[in-house]
Amino acid sequence: MHKRLRFGFSATVFLIFSLVLAFAAEPVPAPKPLAETSKTEPGNAIASPMPKPKPVQPPEAVSPHVKDAAACDLPGMDFESLPPVRGEFSGDAGCGIESPVRLTSIQREGAQVALKGAVTVSCAFAQTFSEWLQSDVLPAAEKHFDGGIKSIATGPGYQCRRRNNQPDGKLSEHALGKAVDISGFAMKEGASVSVETDWGKDTPAGRFLTDIQKSACARFTTVLSPEGDEFHKSHLHVDIGCHGKTCTYLICQ
Ligand SMILES: [Zn+2]
């Protein structure tokens, strides 16, 4: 009895030892390489050595027309953006506008002030021009005339030509979309203002024109009135051209 117990104990110890050896000999499965893990588990950011893919950019706006309209910010103006304008004359290149806009009217307290003959100019000029019209010209008209302006008579803005249409002149600022000529105004009360006939007069029309010439000189780099020269007897010319090396020289006539 005692002997059999001892044998039983030894046999059990041997059996356990054999089992431990058997388990130790079992080959351990090799860990999967990380790259493979990342392939099968793309959501596992920590295990993945691959860089995160860059988000795909949405395609450009469908229409360049829409893109340009968004780029030129003209609050209070009715306008449309146009494709770039290119022009030549007499073999010379240089006319043109990179970002043209066509101005048609100004919104003023729920009403429209029309630009007679839509004006095509650069976006940069349109910004200065619209600020001048809205902040200076329309309020000045309301000061001198009941109801203010109904419409403004302008030239076309862009014209591929030399200064004052002289054959040997420099390129006009009109040829770059940086200028506009104004010849007169129609007021809501029925009065009309003509630069040619009312300039310099001590009348509401004359005082209104003097007011807007002064305010134009504070915004544009060039203002030419009938006082300026023989080429501007019939209109007020405003532009944002560069004078001098640093573009800081102003002409106000
Ligand atoms: Zn002009």
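The values are calculated or read from the model by the stated rules, or taken from the named source; none is laboratory data. Computed from a predicted structure; not experimentally measured. As a convention, Cβ positions derive from the backbone with ideal geometry for all residues, glycine included, and neighbour counts pool all protein chains shown.
Quick notes
- Residue under evaluation GLU196, criteria (1) within 16 Å of the ligand (Cβ to nearest atom); (2) surrounded by 18 or more Cβ atoms within 10 Å (Cβ to Cβ); (3) modelled with pLDDT of 95 or more, criterion not met: (2)
- Qualifying residue in segment 133-150 (condition: touching a Ser or Thr at 6+ places or on another chain (Cβ under 8 Å), within 16 Å of the ligand (Cβ to nearest atom) and modelled with pLDDT of 95 or more): no
- Residue within segment 152-161 that is within 16 Å of the ligand (Cβ to nearest atom), over 26 Å from the mean Cα position of the chain (by Cα), in the same structural domain as GLY206 (by TED's automatic domain parsing) and surrounded by fewer than 19 Cβ atoms within 10 Å (Cβ to Cβ) present: yes
- Condition met for VAL119 (buried (at least 17 other Cβ atoms within 10 Å of the Cβ), closer than 20 Å to CYS72 by Cβ, assigned by TED's automatic domain parsing to the domain that holds PHE208 and more than 19 Å from the chain's Cα centre (by Cα)): no
- Hey, PHE231 within 13 Å of the ligand (Cβ to nearest atom), of a type outside the set (Ser, Thr, Tyr) and not in a loop (DSSP other than H, G, I, E, B) or not: yes
Okay, residues lined up against (1) without any contact (Cβ under 8 Å) to a residue 40 or more places away in the chain; (2) not aromatic (Phe, Trp, Tyr):
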residue	(1), (2)
ARG163	yes, yes
GLU173	no, yes
LEU176	no, yes
VAL180	no, yes
PHE185	no, no
GLY190	yes, yes
SER194	yes, yes
ASP198	yes, yes
ASP202	yes, yes
